[in-house]
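**Q** I have a structure I would like to understand better, so I am pasting it below and will then ask my questions one at a time.
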Amino acid sequence: MNKLYQNDIPADINWGNIIAVDTETMGLNNHRDRLCVVQLSSGDGNAHLVQLNNNYDCPNLKALLADNSVTKIFHYARFDVAVMYKYLDILVQPIYCTKIASKLTRTFTDKHGLKNNLRDVLGIEVSKEQQSSDWGAAELNNKQVEYAANDVLYLHKLKEHFDNVLQREGRTEFANKCFEFIPTLAQLDLQGWDEEIFSHR
């Protein structure tokens, strides 16, 4: 079931200690494009979407995302963590990024997008048609809601798969160190450093 809220989540939802998180923005430039939607799932088959409507006073959502006792699963956490830091003024952690896990385990391919992982790992086909739709619209249509929900509904299962392969290949420690660095990397991105700080030049 997909649930859509305006500006914040209810305070009485039991999320457990690990949640899947994603965001929708007006574009992929986190200096320019505003945060519009935050999606959440506890792994129970339900997706909770928060439409922010340019209102970032959402104490329940912020408290959940800033809770250090709750692990947040993302696919490409680098972008989501940066845009939430900019608009919600919170640094999300601890983090698990299924895109990094994919790159550390699926070394036989260069296709690490969520759509590729869902198809190749879980045998699930999802449409990315709404990826470039207007997420700042006053009302989200049914296709947008379904698209946004799919971005979080399967991340727990992906994590479970990648945990097993990371352990098998002896790369769990590498993955954890990458995950721990993501908040710092997100802050560097917002400061305009990108990867050049690590380059030889």
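Laboratory data are not the source of any read-out in this text; all were calculated from the coordinates shown. Everything numeric here is computed off the predicted structure, so don't read it as measured data. Note that we place each Cβ from the backbone using ideal geometry, even for glycine, and neighbour counts take in every protein chain shown.
**Q** Taking a threshold of 22 Å on the Cα-Cα distance, which of the pairs Lys62/Lys143; Lys62/Lys103; Lys86/Lys111; Lys72/Lys157; Lys103/Lys157; Lys115/Lys143 fall above it?
**A** Long pairs (Cα-Cα over 22 Å): Lys62/Lys143; Lys62/Lys103; Lys86/Lys111.
**Q** Enumerate the amide H contacts of Ile95 below 5 Å, restricted to partners 5 or more residues apart or on another chain; note that Pro and chain-start residues carry no placed amide H.
**A** Lys72
**Q** If we count every other residue with Cβ under 13 angstrom of Trp135's Cβ, Lys/Arg +1 and Asp/Glu -1, where does the sum land?
**A** Local net charge: -4.
**Q** Something else about it: So, with +1 on the Cβ of K and R and -1 on the Cβ of D and E, and no other charges, what is the size of the charge dipole of segment 104-158 about its Cα centre, to the nearest 20 debye?
**A** It comes to approximately 280 debye.
**Q** Ok, one more. Using amide H atoms built in the peptide plane, which far-off residues or other-chain residues are under 5 Å from Met26 H to H?
**A** Correct list: Arg34, Cys36.
**Q** If I take R0 = 35 Å and measure r between the Cβ atoms of Arg34 and Arg119 in this structure, what FRET efficiency does the formula 1/(1 + (r/R0)^6) give, to the nearest 0.05?
**A** Efficiency at R0 = 35 Å is approximately 0.70.
**Q** Sticking with this one: Go through 51-62, 74-85 and give me the packing order, highest mean Cβ count within 10 Å leading.
**A** By packing density, highest mean first, the sequence is 74-85, 51-62.
**Q** Suppose we look only past 26 Å in the calculated P(r) of segment 2-195. What percent of the Cα-Cα pairs does that tail hold?
**A** In whole percent, the long-distance tail amounts to 28.
**Q** Taking neighbour Cβ counts within 10 Å as the exposure measure, how do Ser127, Ser42, Ser69 sort from fewest upward?
**A** Going from sparsest to densest Cβ surroundings: Ser69, Ser127, Ser42.
**Q** Right, here's the next one. What order do you get for Thr23, Thr107 when you list them from fewest to most C-beta neighbours inside 10 Å?
**A** Ordered from fewest to most neighbouring Cβ atoms within 10 Å, Thr23, Thr107 come out as Thr107, Thr23.
**Q** Something else: Can you sort Phe179, Phe162, Phe198 from fewest to most other Cβ atoms within 10 Å of each residue's own Cβ?
**A** Arranged by neighbour count, lowest to highest, Phe179, Phe162, Phe198 become Phe198, Phe179, Phe162.
**Q** List the relative contact order of the chain as a percent without decimals, with contacts defined as Cα pairs under 8 Å and 6+ residues apart.
**A** Relative contact order of the chain: 24 percent.
**Q** Between Glu160 and Arg201, how high is the FRET efficiency from 1/(1 + (r/R0)^6) when r is the Cβ-Cβ distance and R₀ = 45 Å? Nearest 0.05.
**A** The formula returns an efficiency of 0.65 here.
**Q** Per 0.36 nm of contour for each residue apart, how much would the distance between Leu190 and Lys143 grow if the chain were fully extended, relative to their Cα-Cα spacing?
**A** Going from the current span to full extension adds 13.8 nm.
**Q** What is the local net charge at Gly170, summed over the other residues whose Cβ is closer than 15 Å to its Cβ (Lys, Arg +1; Asp, Glu -1)?
**A** 0
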